[in-house]
Amino acid sequence: MKKSVFFGALTAAAGLAAGVAAAGTLDDVKARGTLNCGVTTGLVGFAAPDSNGEWEGFDVAVCRAVAAAVLGDGNAVEFVPTTGKTRFTALASGEIDMLARNTTWTFSRDVDLKFTFVGVNYYDGQGFMVPKDLGVSSAKDLDGATVCIQTGTTTELNLADFFRSNNISYEPVPIETNAEAQQQYLAGACDVYTTDASGLAATRATFEAPGDHVLLPEIISKEPLGPLVRHGDNEWGDIVRWTLNALITAEELGVTSANMTEMMAGTNNPEINRLLGTEGTLGEMLGLDADWAAKALAVGGNYGEIFEQNIGEATPIGLARGLNAQWTDGGLLYSPPFR
Amino acid sequence: MSDTHANSVAFVRTEQVPPSPPPFQTSGPVKWAKDNLFSTPLYTLLTIVAAYFIYVILANTLPWILNGVWSTSSLAECREVLDGVSGGCFSVLTERWNQLLFGFTYPSEEYWRPTLAFILLFAAAAPVLFYKLPRKLLIITGLFPFVAYYLIWGGTIFTPILALVGFVAGYFVYQRFVAGSFAAGFFGGVAAALVVWNIGGMLIPENANENAMLLAVPSRDLGGFMLNMMLGVTCVSLSVPLGIALALGRQSDMPLIKWICVVFIEFIRGVPLITLLFVASVMLAYFFPPESTTDLFLRVVIMITMFSSAYIAEVIRGGLAALPRGQYEAADSLGLDYPQAMRLIILPQALKISIPGIVNIAVGLFKDTTLVSVISMFDILGMIRGPILASTEWNGVYWELLGFAALLFFVVCYGISQYSQWLERQLATDHR
């Protein structure tokens, strides 16, 4: 009895702390002068510090865009590296203002863990990589295979579901990080490596002989990756959501970092004018400056530019746009209108 | 008389035959090899097998090391240079050298500060480690924590000075009252230090850090091997005195003190270090409001110190138990009170017995500091597993990086172990 009272008090205290932190994140960020953005401790192309200690990557660009929209400076970000195990507590406890860490949007994370996913910045799906000489052409031939799998992620659960529904068996080899998985797979500790298809492509690109490994055609899960914030501060959630949407809309409307200054002078397209703040009061509604979206775009350009620079086909990672093309090009990127 | 035989013998040696070297078969390397490597058929067989294994290992690693590439800027470039030949891409070490040592956020123009602190560490450790050096040098040791703090974290110089003044005030109060009773001296000293810190804390201006002589570096910017060294040195030096206090407390006649110590030691020893680290990084964040959280480095230091002090307490308790009862009685019969008896008779002997155990824990603790990479602190292992392996240039380099980390740890741990063996020889009084 006493115990439950004690734990009840703990939970209440935790809830209280989270509640206090949630009130007025925008004001907190402005007062602090920096945005605390949770990122991964390192994932090729998505977030990693370079040799000068500057963070760069696809997820990092979202953090910088939000910082620019709120504070006017894309470098006013305190990057807080989180692991798969510490990311949610860091966000819930208020240590970070937002999390942009290739995190899959799922029902339980949204509802049960009480986070708000503000959108999707990368549509991913779980795939399989096998050595070519294994002679496998479909994931359904993998009966009895040993599979390298990252623990504590949704990929682990998807794998179990896939093999159960196809009535085949597998032997999991649990590993902690992508780097470890790479080494285990190359050393032959497992026949198959499974993770998000983007991760597989990035991993294969670093092999000495990428041609000796194939990605199987099956994509066994939906992995919409996106930035998230805590429940309970909708104004802050709106800012992050519409910053992301601004990046996507800018690509759709053809606003790039190169032609933006020119377009700021005014165009014939009213939606571009509303986006860049030369017309309407969208910034004011968010509690930001009128040119908030222009500032966010000035950091790394629109969604397409960020994609090409960090993970696109010109980079060593070499991902095609695929599902992540604009809806007008047959992809899934579809931002609500700026009106 | 000697002339008698002068011509009857053809040859008389007039000087001694010079000693000739022993036969080839029974001396030098041949004899050594015969005695040690080929003395029986079984040994011969084992020698040959061992030699084969050494050959295989060297044949594979030596070309890899000697062919190593030291000056490329990415893994792809390195592979191009090697062109299929076996060789290590050691250029990852040269390109990311500073990141491996200092982490990736420590300001690069300030690298001289931790380096200087590292050099000073030797000067500060020497008088503690080598008891024959003049005792006056201990002043350096006493000042080192404050100097090192100032060098590594920077910021206003008032913080370390205030901390130092607090300790000095506490020491003087302790000296003043300790003649009366140890407890009065001890608690009086603690109270005096707290008073000084509180009053001094109000005097330091709010913005003192902003225009300080040395740029202030927040704890989250520390990383690399520097972080391992800092955690190792701080936690070992804090946990030895704490461990002694716990060991003595556990033997105390006062039930309250005894049970506090027993519960603390048994609880900490029953919990894995990694859970304590998770509590430090994740759970404590729930209990404090976001702004008032204690520094993560400090939280981790407290947790590791608690962990290792519980183990050291048990090692020292073993040393205390090994002392014959007569030593305690001898101290009593001399009329020494408890602190004097402990300080002058019991602890010097008990600690001598405990040296191997304490060193064992110190070495283990130093290696355990790599566990902080799990709570996203970038020690050398965190740097390797996170930022370096996740960069597009170096994704896929493993042996070179992890081998380098292993080498650094080996050098330090082997040094500690050699020192402890030297100390045991020095202190050997051969009573057994």
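Of everything in the range A:1-40 that's within 11 Å of chain B (Cβ to nearest Cβ) and at pLDDT 90 or above, which residue is farthest from A:Asn234 (Cα to Cα)?
A:Val39
Please go through the range A:300-318 and give me each residue that is touching a Gly at 6+ places or on another chain (Cβ under 8 Å) and either surrounded by fewer than 22 Cβ atoms within 10 Å (Cβ to Cβ) or closer than 12 Å to A:Glu252 by Cα (or both), ordered by number.
Once the filter is applied, which keeps residues that are touching a Gly at 6+ places or on another chain (Cβ under 8 Å) and either surrounded by fewer than 22 Cβ atoms within 10 Å (Cβ to Cβ) or closer than 12 Å to A:Glu252 by Cα (or both), the range A:300-318 yields A:Gln309, A:Gly312, A:Thr315, A:Gly318.
Only one of these conditions is not met by B:Asp295: (1) at pLDDT 90 or above; (2) over 23 Å from B:Ser420 (Cβ atoms); (3) exposed (fewer than 14 other Cβ atoms within 10 Å of the Cβ). Which number is it?
Here B:Asp295 meets the rest and fails (1).
How do the pairs read when you match residues in the range A:149-172 that are more than 17 Å from A:Thr104 (Cα to Cα) with residues anywhere that are β-branched (Val, Ile, Thr) and modelled with pLDDT of 85 or more, using Cβ under 6 Å and keeping only pairs 6 or more apart or on different chains?
Qualifying pairs under 6 Å: A:Phe162/A:Ile220; A:Tyr170/A:Val147; A:Glu171/A:Thr146; A:Pro172/A:Val147; A:Pro172/A:Ile149.
Cβ-Cβ below 6 Å, separation at least six or inter-chain, first residue in the range A:312-339 and within 14 Å of chain B (Cβ to nearest Cβ), second in a loop (DSSP other than H, G, I, E, B): which pairs?
A:Pro316/B:Thr392; A:Ile317/A:Gly45; A:Ile317/A:Ile311; A:Leu319/A:Ile311
Within the group A:Val229, A:Val214, A:Val240, which residue is more than 30 Å from A:Val70 (Cα to Cα), more than 14 Å from chain B (Cβ to nearest Cβ) and among the β-branched types (Val, Ile, Thr)?
Of the residues listed, the single one that is more than 30 Å from A:Val70 (Cα to Cα), more than 14 Å from chain B (Cβ to nearest Cβ) and among the β-branched types (Val, Ile, Thr) is A:Val214.
Do you know which residues across the range A:287-320 are in a loop (DSSP other than H, G, I, E, B) and either under 24 Å from A:Leu275 (Cα atoms) or among the hydroxyl-bearing types (Ser, Thr, Tyr) (or both)?
So in the range A:287-320, the residues in a loop (DSSP other than H, G, I, E, B) come out as A:287-291, A:301-302, A:311-320.
Selection gives A:Gly287, A:Leu288, A:Asp289, A:Ala290, A:Asp291, A:Gly301, A:Asn302, A:Thr315.
Starting from the range B:384-403, keep only residues that are more than 7 Å from chain A (Cβ to nearest Cβ) and among the acidic types (Asp, Glu), then list their pairs with residues that are crowded, with 24+ Cβ neighbours inside 10 Å and in a helix (DSSP H, G or I) whose Cβ atoms are within a distance under 8 Å, requiring at least 6 positions of separation or different chains.
Short answer, once both residue conditions are applied: B:Glu400/B:Val92.
List pairs: first residue in the range A:41-54 and within 7 Å of chain B (Cβ to nearest Cβ), second residue assigned to a strand (DSSP E or B) anywhere in the structure, Cβ distance under 6 angstrom, at least six positions apart or on different chains.
A:Thr41/A:Pro81; A:Gly42/A:Ala48; A:Pro49/A:Trp55; A:Asp50/A:Glu56
Would you tally the residues in the range A:43-101 being of a type outside the set (A, V, I, L, M) and part of a loop (DSSP other than H, G, I, E, B)?
Selection size over the range A:43-101: 21.
Can you tell me which residue is nearest to the other protein chains (Cβ to nearest Cβ) among those in the range B:75-89 that are surrounded by fewer than 22 Cβ atoms within 10 Å (Cβ to Cβ) and assigned to a loop (DSSP other than H, G, I, E, B)?
Among residues in the range B:75-89 that are surrounded by fewer than 22 Cβ atoms within 10 Å (Cβ to Cβ) and assigned to a loop (DSSP other than H, G, I, E, B), the one nearest to the other protein chains (Cβ to nearest Cβ) is B:Gly84.
Please state which of the following conditions B:Gly364 fails to meet, knowing it meets all the rest: (1) away from chain A (no Cβ under 14 Å); (2) crowded, with 16+ Cβ neighbours inside 10 Å.
In the conditions (1) away from chain A (no Cβ under 14 Å); (2) crowded, with 16+ Cβ neighbours inside 10 Å, B:Gly364 misses (2) alone.
Filter the range B:5-35 down to the residues that are in contact with a helix residue (DSSP H, G or I) (Cβ under 9 Å, 6 or more places away or on another chain) and closer than 19 Å to B:Thr47 by Cβ and list them by number.
B:Gln25, B:Val30, B:Lys31, B:Ala33, B:Lys34
How many residues does the range A:147-180 hold that are within 14 Å of chain B (Cβ to nearest Cβ), farther than 20 Å from A:Glu218 by Cα and not charged (D, E, K, R)?
The number of residues fulfilling the criteria is 6.
Is it the case that the range B:340-347 has a residue that's more than 14 Å from every other protein chain (Cβ to nearest Cβ) and touching a residue at least 40 places away in the same chain (Cβ under 8 Å)? Before you say what the answer is, go through the steps one by one.
Here is the first cut: in the range B:340-347, the ones more than 14 Å from every other protein chain (Cβ to nearest Cβ) are B:340-347.
Subset that is touching a residue at least 40 places away in the same chain (Cβ under 8 Å): B:342, B:347.
Looking through the range B:340-347, at least one residue is more than 14 Å from every other protein chain (Cβ to nearest Cβ) and touching a residue at least 40 places away in the same chain (Cβ under 8 Å).
With the condition kept exactly as written, say whether any residue in the range B:244-267 is assigned to a helix (DSSP H, G or I), among the basic types (Lys, Arg) and surrounded by fewer than 19 Cβ atoms within 10 Å (Cβ to Cβ).
So the first thing to find is which residues in the range B:244-267 are assigned to a helix (DSSP H, G or I), and the list is B:244-250, B:255-267.
Checking the rest, the ones that are also among the basic types (Lys, Arg) come to B:250, B:258.
Remaining after also requiring surrounded by fewer than 19 Cβ atoms within 10 Å (Cβ to Cβ): B:258.
Yes, that holds for at least one residue.
Out of all the residues in the range A:109-128, which are under 23 Å from A:Tyr303 (Cβ atoms) and among the hydrophobic types (A, V, I, L, M, F, W, C)?
Listed by number, the residues that qualify are A:Phe115, A:Phe117, A:Val118, A:Val120.
Which of (1) touching a helix residue (DSSP H, G or I) at 6+ places or on another chain (Cβ under 7 Å); (2) of a type outside the set (Ser, Thr, Tyr); (3) within 14 Å of chain B (Cβ to nearest Cβ); (4) within 14 Å of A:Met129 (Cβ to Cβ) is the odd one out, the single condition A:Gln184 does not satisfy?
(1)
Conditions: (1) closer than 18 Å to A:Thr154 by Cα; (2) within 14 Å of chain B (Cβ to nearest Cβ). A:Ile96 meets all but one. Number of the miss?
(1)
The values are calculated or read from the model by the stated rules, or taken from the named source; none is laboratory data. Predicted model only: the values in this text are computed from it and were never measured. Note that each Cβ is placed from the backbone with ideal geometry, even for glycine, and that neighbours are counted across all protein chains shown.
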